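The structure appears right after this line, and notes come after that.
Read the figures in this text as sums done on the coordinates, not as results from a lab. Because the structure is a prediction, the values reported are computed rather than measured. Here the Cβ positions follow ideal geometry from the backbone for every residue, glycine too, while neighbour counts run over all protein chains shown.
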Amino acid sequence: MREREVALPGLSGDGLLREPDSGSVRGGVVALHGAADPSRRQPLFDHLAATLTQVGYAVLTFDRRDPGPDGGDVPLDVQATDARVALTVLEKLVGAPVGLFAFSQGAWAACLAAAAPDRPDVAHLALVGCSGVSPAEQMRYFTDELLRRAGYDEVARGLLRELRLAMEDVLRGRGDRDRAAALLAHAVGQPWFEHAYLPTELPPADLRWDDLDHDPRAAVAEVRCPTLLLHGEDEECVPVAPSVAIWEVAPADVSAHLLPGCGHYPSVGSGARPGVAGAPSSDYTALLRGWYDALA
């Protein structure tokens, strides 16, 4: 596998292109990030490049842009625009069909990029841990599942749900801030709060999360390319059934698989260790390699 830097106009830094040693390239893949790791060189991307270069693909990764002084997430439409920039560059470099690989949060952006009317031709789409529900609903599911797996009862889970719903309305700009602040102050002292994925203080009154209610169904309905959909059999972060269901009525040719023993991250046992990135499973590697190798 060969590596080189490539310029990506308008992005915050150069991309990292990894190509087959043979020099013969049958296609290209741009990789999009999960929420937790914005870097171009991360274990999941390194594994992707090592796997796909063996079957003739070039893999382009880049550092996700800085979200700015407010922190939080880079807007999904901005991530999708950056993906299209990278796709255009990669297509010119390899002179072959190019597509997107995305993990977790990146799957929302990848679908937007693949569905955009002014997109470069997205030849294929591989999505790992793709959520078919909004970020708000996904985080409600995730945090509730964390409490359930940690053994907390329905009372604690109900308190967390009430808090998250109140905080969501605050981030929509229409919530009762006093009520949300009171719920938050009570929750901070609870043993389950470590699983809540919430700040210890109410965010500023003018802070919004514009993607909170992003509905992925509209973009999925516009995707036409072959799509690989991978979820862990022990997925803790994303509700699998509704996430797969939106693809069952999509026009794309979808190949959906559950990864034995895996949670959200495609490593065995990750469902019991959220946020821990172990070595990708052999099942994941085989499915990934086989699907890309079979593409026309």
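Computed over the chain, relative contact order equals 16 percent, with contacts defined as Cα pairs under 8 Å that lie 6+ residues apart.
Pull out a ≥ b ≥ c, the square roots of the eigenvalues of the alpha-carbon gyration tensor of the chain, then state rounded if a/c is under 1.5, prolate if not and a/b is larger than b/c, and oblate in the remaining case. Since a/c reaches 1.5 and a/b is larger than b/c, the shape of the chain is classed as prolate. Maximal additional length on extending the GLU162-GLN54 stretch stands at 34.0 nm, based on 0.36 nm per residue less the C-alpha distance.
Assuming charge only on the beta carbon of Lys and Arg (+1) and of Asp and Glu (-1), the dipole of segment 1-121 about its Cα centre is about 320 debye to the nearest 20. Shape call for segment 230-293 from the C-alpha gyration tensor, a ≥ b ≥ c root eigenvalues: rounded (a/c under 1.5), prolate (a/b greater than b/c) or oblate? Oblate shape, in that a/c is at least 1.5 and b/c is the bigger or equal ratio. Mean residue ellipticity, 222 nm, helices only, the chain: the sum of -39500 (n - 2.57) across DSSP H runs of n ≥ 4, divided by residue count and rounded to 500, is -12000 deg cm²/dmol. Distance between the modelled labels on ARG273 and HIS186, one decimal in nanometres: 3.6 nm (7 Å Cα→Cβ projection).
Applying a length cut-off of 20 Å (Cα extent along the axis) and a mean Kyte-Doolittle floor of 0.5 to the DSSP H helices of the chain leaves 76-94.
Between GLU222 and ALA96, the FRET efficiency from the beta-carbon distance, with R0 = 25 Å, is close to 0.60.
For a paramagnetic label modelled at 7 Å from the Cα of LEU258 toward its Cβ, which residues of segment 202-234 fall within the zone defined by backbone nitrogen distances under 13 Å? Correct set: 231-234. Between the residues LEU198, LEU32, GLY263, the greatest Cα displacement towards the positive end of the dipole of the chain, with unit charges on the Cβ of Lys, Arg, Asp and Glu, is found for LEU32. Taking the Cα centre of the chain as origin, work out the dipole magnitude from +1 charges on Lys and Arg Cβ and -1 charges on Asp and Glu Cβ, in debye rounded to 20. Dipole size: approximately 440 debye.
State, as an integer percentage, the relative contact order of segment 138-195 based on alpha-carbon contacts under 8 Å between residues 6 or more apart. All intermediate terms of the calculation are to be shown ahead of the outcome.
Numbers: 33 pairs, mean separation 19.5, N = 58.
About 34 percent, as a whole number.
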